[in-house]
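Have a look at the structure below, then the notes.
The values are calculated or read from the model by the stated rules, or taken from the named source; none is laboratory data. Treat the numbers as computed from the prediction; the structure is a model and nothing was measured. Here the Cβ positions follow ideal geometry from the backbone for every residue, glycine too, while neighbour counts run over all protein chains shown. With ligands, DNA and RNA removed, areas are computed over all heavy atoms of the protein, side chains included. Shrake-Rupley method; radii C 1.70, N 1.55, O 1.52, S 1.80 Å.
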Amino acid sequence: MSAELDTARVADWLAGHLPGFDGPVAAEKFSGGQSNPTYLLKTPARNYVLRRKPPGVLLKSAHAVEREFRVQKALAGTDVPVARMHVLCEDESVIGSPFYIMDAVPGRTFDAPSLPGLDPAARHAVIDEMNRVLAAIHEVDLEATGLMDYGPSGNYYRRQIDRWTAQYHATATEDLPQMEALIVWLDDHVPEEDGQRCLVHGDYRLDNLLFAPDATDCVAVLDWELSTIGHPYADLAAVIMQWSMPATTEGRGLAGVDRAALGLWSDEDFIARYCARRGLAPIEGFNFYLAFTYFRMAAILQGVKKRALDGNASDPARGLALGEYVPEFARAGLRTAKDET
């Protein structure tokens, strides 16, 4: 048994459900994740990755590994790079929660968007690839991939604000006036639908992309837990939001960084290149989409903090540390909301 994962039970189940599987299994838990615990499974013949729901009482619709499995399986063969999906186990009696098995894709991740260790040309190439993959996600043919019903119809931002407001209030551990003010502002400024209805990742940032070991090609987009059918500018704004954070281990942003000197893109360059790739006109009222992403991240991190306090977090110490950023995201969202230029 390996840290919360009964490898003997996993091996027994896989023996009857995964063609070509041959145990025994050794497991190593990936560190850093705050959502669905993820493990590298080592067998004598090959390696796999197992991703499961966390233990404990969970919010409704949270940690939906079943949806992660479905969307990545549907994206096989598209311009969106994903790991190959193998099998989904929805029987909680096996290890205590649903899980799925996918390929272990060789690659490297970049936690810091400043991309230390790369030269300016490589940094530019990585960000360009990040931009290309984001546009590819939003151009996925929903009918051809069988994802037309992957999310409800109606105004994406309206339902997202309602969902995350409810989840924030369900996990709140202190009064935060800035968050309540931000919720009111978002309620009052939901944009009209513009006809864009596409696949959205829901947590698109550099450290959720896996790059080739010795090149700047993206080989897999990871962590599809928040994916749905929605509006693409939420993903785009999430990138810009992340870059506004402190350039620290926890912040993982670019605040105060001389981007031009490092070969990194400005916010405006990233947005313009994205729009060019998708044939879109310049985006009006971008402050709403940016304020929305601050709000959603604050709500997500509040949930992480609550799970850490309840003992259900994948990494409790880091969960508590991340929870300290909730007020900062709320304040940043409110500042952005009031910048209506």
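Here are the numbers for the structure shown:
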| quantity | calculated |
| --- | --- |
| Accessible surface of the chain, 1.4 Å probe, proportion on carbon and sulfur as whole % | 51 |
| The chain: most fluctuating residue of GLU68, GLU225, GLU192 per GNM, C-alpha cutoff 10 Å | GLU192 |
| Binned Cα-Cα distances of the chain, short to long, each 10 Å bin given as a whole percent | 5, 24, 34, 26, 8, 1, 0 |
| Chain lengthening between ASP141 and THR109 when straightened (0.36 nm per residue, less Cα-Cα) | 8.8 nm |
| Compactness index (Cα Rg / 2.2 N^0.38 Å), segment 283-341 | 1.31 |
| Cut-off 18 Å, label 7 Å out along Cα→Cβ of THR78, residues of segment 123-151 by amide N | 130-151 |
| MET85, MET148, reordered so the largest accessible area comes first (probe 1.4 Å) | MET148, MET85 |
| Whole-number accessible area per residue in Å² for segment 3-138, which is evaluated in the context of all protein chains at 1.4 Å | 44 |
| GNM top mover of ALA104, ALA317, ALA330 - the chain, alpha-carbon springs below 10 Å | ALA317 |
| Furthest towards positive pole of dipole, MET102, THR78, GLY263, structure part the chain, Cβ charges | MET102 |
| Fully extended contour minus Cα-Cα distance, from LEU40 to HIS169, at 0.36 nm per residue | 43.0 nm |
| Protein-only accessible surface order, largest first, of SER114, SER31 at 1.4 Å | SER31, SER114 |
| Linear extension gain, GLU268 paired with GLU4, 0.36 nm per residue minus alpha-carbon span | 90.6 nm |
| Alpha-carbon centroid distance for the pair segment 69-85 / segment 238-253, whole angstrom | 27 |
| Global form of segment 186-341, assessed from the alpha-carbon gyration tensor, a/c cut-off 1.5 | rounded |
| Max mean-square fluctuation residue, GNM over the chain, Cα-Cα springs under 10 Å, options VAL105, VAL257, VAL239 | VAL257 |
